[in-house]
Amino acid sequence: MIEEQEVTSNETTEHLVEPGPQLAPMAPPKSIIREYFEQGVVTVIMAFFLMTFIAQAVQVPTGSMQNNIHIGDHLFVNKFIFGPPTHLLNWLLPQREIRRGDIIVFKFPNDPKVNYVKRVIGLPGDEVRIEGRHVYINGKQLPEQHVIVELQDSDHSFNPEIRVEPAPPGAKYRVYYKERHGEAELDYETQSAKYAVHGPVIVPPESYFALGDNRDNSLDGRYWGFVPRDNIIGRALYVYWSFNPRDPERPGSGIPLLDFFTRTNWRRTGAAIK
């Protein structure tokens, strides 16, 4: 009896200590340097993909789009919206054709290294004619709301508004002119223009006619012609930073870090481009 109990006890003990599955050895923990390095690599890859295929950041150094866009505005540009159709990503990143009134960023036809920002006025095949302050598309006046401004020099971020004229039916954006005394002054200022001012022009296929919103301070399609479709980078979306180091309205201290805060126009951050 005693022997049997001892055998039973031994069997039970052997059953309880039966070895389980072997666990794989744990990998050594990553160092802080390695974690930051891997995160940095992922961030750079994502930023490269974003800037190459979807968005691009550009700076506006001139006043040709004042007051809709200020000198010193840094814009995000949607590069994907006018790109070739991609059915896989259409649900996430919608695409469409270029429309009249879109503000586009494009490579300047006379110097592709320079990026320009203008508003699309004429589409392929359109007849464009400009008489004084009025633009005609295919014989019909284009509805634009006119604002009279006090034209400043290139150091000022924007032009003070003197008078806002009533918006005609269908107007979706504003254009800016300086105060004049008669149309003769306007004719004199535009005598060097070559396109649409001295007679109608037809926009060629796969091309667009673009003007600046600050009509009295814009080197635009009136002077150099049309924007080829292949030169268009994308559509301006919104302002992510506005900084004009020459603006006399925001004097600097000479200390770069302090000037970053005092000369940044924080109200412009997030402003949509329309």
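The values are calculated or read from the model by the stated rules, or taken from the named source; none is laboratory data. Owing to the predicted nature of the structure, the values given are computational and were not obtained by experimental measurement. Glycine also receives a Cβ, built like all others from the backbone with ideal geometry; neighbour counts cover every protein chain displayed. SASA here: full protein model, heavy atoms, side chains in, ligands and nucleic acids out. Shrake-Rupley method; radii C 1.70, N 1.55, O 1.52, S 1.80 Å.
Structure notes:
- Rounded if a/c under 1.5, otherwise prolate or oblate - segment 205-270, Cα gyration tensor axes: prolate
- Packing, taken as the mean count of other beta carbons within 10 Å per residue, orders the peptides 56-67, 131-142, 109-120 from highest to lowest as 56-67, 109-120, 131-142.
- Heavy atoms of Trp266 accessible to a 1.4 Å probe, total area in Å² rounded to 10: 130
- In this structure, the residue pairs whose Cα-Cα separation is over 20 Å, taken from Lys140/Lys172; Lys118/Lys274; Lys118/Lys194; Lys79/Lys194; Lys113/Lys178, are Lys79/Lys194; Lys113/Lys178.
- For the pair Val164 and His134, label points projected 7 Å from Cα toward Cβ lie 2.4 nm apart.
- Computed extension gain for Leu257 through Glu127, at 0.36 nm per residue and net of the alpha carbon distance, reaches 41.7 nm.
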